[in-house]
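Rule-based calculations on the coordinates, nothing more; no lab input. Everything quoted here is computed from the prediction, not taken from an experiment. Because the Cβ atoms are built from the backbone with ideal geometry, glycine has one as well, and the counts that use them run over all protein chains shown.
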Amino acid sequence: MSDPIRPPVALPKYPGTDQTLCQICGCTPAQFTTFRQHTGLIVLMVFRRRSGMFCRDCGLETYRSMTAATLIQGWWGIFSFFITPVILLVNLANRRDVATLPAPQQVPGGRRPVEPGPPLFSRPAAIVGVLIPVAIVSLFVATLFH
Ligand SMILES: [Zn+2]
């Protein structure tokens, strides 16, 4: 699923080609997509959004870091508890925009592709993060039926 809001400006292309360039590392090919991060602060909440052209590796790194942060920080609020799974699903859907791209290639005069970080569930924040809603629901149920 792509974000319905498309950029109003022309996508960055390498001069003389149809190549699209990653806004982070400048490699090609790149695809426009959006990743989101949610932070629950009991009564307040913070939404972060990163839209733009991502090559496969920068896109996956952005997906992983924002999703891992949401998994650990997202659940902490009544509304946030229900918003967080939506954010996670939207990120997972948009991950396909970049995951299906071929490996990023350096364009002449451009920078080299960046090293993507570890997969999502090799990150401690993500592992702890998936256990938080389980723990909250278990506590709630335990309190209810005590
Ligand atoms: Zn890149």
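Quick notes
- Among the residues of the range 19-73, those that are in a loop (DSSP other than H, G, I, E, B) and either buried (at least 19 other Cβ atoms within 10 Å of the Cβ) or within 16 Å of the ligand (Cβ to nearest atom) (or both) comprise GLN19, LEU21, CYS22, GLN23, ILE24, CYS25, GLY26, CYS27, PRO29, ALA30, CYS55.
- When the residues of the range 74-91 are filtered to those that are in contact (Cβ under 8 Å) with a residue 40 or more places away in the chain and in a loop (DSSP other than H, G, I, E, B), the one that is farthest from ASP57 (Cα to Cα) is TRP75.
One line per residue, one yes/no per condition, for (1) surrounded by 15 or more Cβ atoms within 10 Å (Cβ to Cβ); (2) within 15 Å of the ligand (Cβ to nearest atom); (3) assigned to a helix (DSSP H, G or I):
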{"site": "ALA93", "(1), (2), (3)": "no, no, yes"}
{"site": "ASP97", "(1), (2), (3)": "yes, yes, yes"}
{"site": "PRO108", "(1), (2), (3)": "no, no, no"}
{"site": "PRO116", "(1), (2), (3)": "yes, yes, no"}
{"site": "ALA125", "(1), (2), (3)": "yes, no, yes"}
{"site": "PRO133", "(1), (2), (3)": "yes, no, yes"}
{"site": "ILE136", "(1), (2), (3)": "no, no, yes"}
